[in-house]
């Protein structure tokens, strides 16, 4: 992924936050509200982008799109030939190392509590046994179709559900394989439907029905689903004013801005008949079908007044690309703490390889996060933000019973704690008990002219309970 893509991702996330603050629609269904509260308490989840394109080690789907961006350039110039080769990847996709139990165990050990899996990305390839397309992992042309675990989505959901994970189904609203979305009669200038929907409404309604049918399959045959995580925000309903504004402000590469209404209210209604209390996340489309917000590749600089999660890949790319650098365990733990201290959840993405496994670096990061969580997780799960949220290198969280945590984020060069940790915006109440998680020893503190400070004894400084960040607990 290039620097331009990273900048674009950050820009898109920033725009989403600014719009969402003004346009978030609170949910009213008591079953959904109950599930949202549970989801908010979990804090840490796993997202996976995976498709036959992992054989090429490229960004998923986007090289099919005719938008001219450096991060999705095609290796051959003939688009027709490129698309033919890309779609034929299903005939060689054979992830024989696929072991969802291994992934579920690694995620559980890392302290993750929910999973969102890409059942279908924009390229239209289904990682489940859809009856409405042959472009799927279970098709007879796919060498993996005879494997007992061929229905990959079902296998993943079943294994993670056994470990008590909340289950999320990522589903792309655009489908660049469907002739009802990208009609072969026309060229494909951009990410949108490539024909005039007002001129050909019957064709669009066939796409709407196709989309509803595929989502209904997931809601019907794949056990309890907790989250329907919909991507592709350009496929949406616009009011006349919204449509005009979008046409005026559109990105240069997004040419055919038009109403691409797939009737989200009906999708949500019928999905909840099959899955009562289902959380629906129609990403970046302000409205009742966006139960929580998903700033992408960034962390807000303050607490937000609604449910939200930062979604971010462990490498610079969402899909498997060989040679990409993984974020360090320190960076990932600090991200988790910063996000949770601001009231959000952290959905961390890993792209499996074409063989059906994570790279060693991914397992290494999960293991190190898990080691940290074993000591510090009580400051993460079920917590909420508490003022001053952050002071210097210290983030704050609090439980409903009033227990408060101060999490010190150690710099790269810090392998041990300082002798004293000082606060000017946060104060300890009289009679409070102060301990460091992982060390059964009460810490001394004293008031200062500027606030108060905690003394860290040499025995803890020389033998800290964990790496990367240390948690101080305030309880009565």
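The values are calculated or read from the model by the stated rules, or taken from the named source; none is laboratory data. All values derive from a computational prediction rather than experimental measurement. For neighbour counting, all protein chains shown are included, and Cβ atoms are generated from backbone atoms with ideal geometry for every residue, glycine included.
Quick grid of which residues meet (1) at pLDDT 95 or above; (2) outside the structural domain of residue 308 (by TED's automatic domain parsing); (3) touching a strand residue (DSSP E or B) at 6+ places or on another chain (Cβ under 8 Å):
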{"residue": "368", "(1), (2), (3)": "yes, no, no"}
{"residue": "375", "(1), (2), (3)": "yes, no, yes"}
{"residue": "397", "(1), (2), (3)": "yes, yes, yes"}
{"residue": "407", "(1), (2), (3)": "yes, yes, yes"}
{"residue": "415", "(1), (2), (3)": "no, yes, no"}
{"residue": "422", "(1), (2), (3)": "no, yes, yes"}
{"residue": "431", "(1), (2), (3)": "no, yes, no"}
* Given the conditions (1) farther than 28 Å from residue 366 by Cβ; (2) in contact with a helix residue (DSSP H, G or I) (Cβ under 7 Å, 6 or more places away or on another chain); (3) modelled with pLDDT of 95 or more, which single one is not true for residue 52? -> (1)
* Asked: List, please: which pairs have Cβ atoms under 6 Å, are six or more places apart or on different chains, and start with a residue in segment 22-48 that is at positive phi and surrounded by fewer than 18 Cβ atoms within 10 Å (Cβ to Cβ) and end with one that is modelled with pLDDT of 95 or more and not in a helix (DSSP H, G or I)?
  -> none
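From 100, 30, which residue is under 27 Å from residue 161 (Cα atoms), under 23 Å from the mean Cα position of the chain (by Cα), at pLDDT 95 or above and assigned by TED's automatic domain parsing to the domain that holds residue 278? First the steps, then the outcome.
Working: 30 fails: under 23 Å from the mean Cα position of the chain (by Cα).
Criteria check complete, one pass: 100.
So if I check each of 411, 400, which one is in a loop (DSSP other than H, G, I, E, B), without any contact (Cβ under 8 Å) to a residue 24 or more places away in the chain and within 17 Å of residue 473 (Cβ to Cβ)?
Working: 411 fails: within 17 Å of residue 473 (Cβ to Cβ).
It is 400.
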* Which listed residue is buried (at least 20 other Cβ atoms within 10 Å of the Cβ), in the same structural domain as residue 52 (by TED's automatic domain parsing), at negative phi and in a loop (DSSP other than H, G, I, E, B), from 140, 236 -> 236
* Asked: Can you tell me which residues in segment 244-262 are surrounded by 14 or more Cβ atoms within 10 Å (Cβ to Cβ) and modelled with pLDDT of 85 or more?
  -> 257, 258, 259, 260, 262
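Could you check, for segment 259-281, whether at least one of its residues is in a loop (DSSP other than H, G, I, E, B), farther than 24 Å from residue 206 by Cα and out of contact with any helix residue (DSSP H, G or I) (no Cβ under 6 Å at 6 or more places or on another chain)?
Let us first name the residues in segment 259-281 that are in a loop (DSSP other than H, G, I, E, B), namely 259-263, 275-278.
Those still in the list that are farther than 24 Å from residue 206 by Cα too: 275-278.
Within this subset, residues satisfying the condition of being out of contact with any helix residue (DSSP H, G or I) (no Cβ under 6 Å at 6 or more places or on another chain) are none.
No: zero hits.
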* To do: Output the residues belonging to segment 434-454 that are surrounded by 14 or more Cβ atoms within 10 Å (Cβ to Cβ) and not in a loop (DSSP other than H, G, I, E, B).
  => 434, 435, 436, 439, 445, 452, 453, 454
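Being in contact (Cβ under 8 Å) with a residue 40 or more places away in the chain and out of contact with any strand residue (DSSP E or B) (no Cβ under 8 Å at 6 or more places or on another chain) is the filter; apply it to segment 445-467 and report the residue that is nearest to residue 413 (Cα to Cα). Give the steps one after another, and end with the answer.
First pass over segment 445-467, keeping only residues in contact (Cβ under 8 Å) with a residue 40 or more places away in the chain: 460-462, 464-467.
Subset that is out of contact with any strand residue (DSSP E or B) (no Cβ under 8 Å at 6 or more places or on another chain): 461-462, 466-467.
Values: 461: 14, 462: 15, 466: 15, 467: 12 Å.
Checked segment 445-467; the qualifying residue nearest to residue 413 (Cα to Cα) is 467.
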* Of all residues in segment 382-395, how many are in contact (Cβ under 8 Å) with a residue 12 or more places away in the chain and out of contact with any strand residue (DSSP E or B) (no Cβ under 8 Å at 6 or more places or on another chain)? -> 1
* Only residues that are at pLDDT below 95 and farther than 30 Å from residue 155 by Cβ: list them for segment 215-236, please. => 234
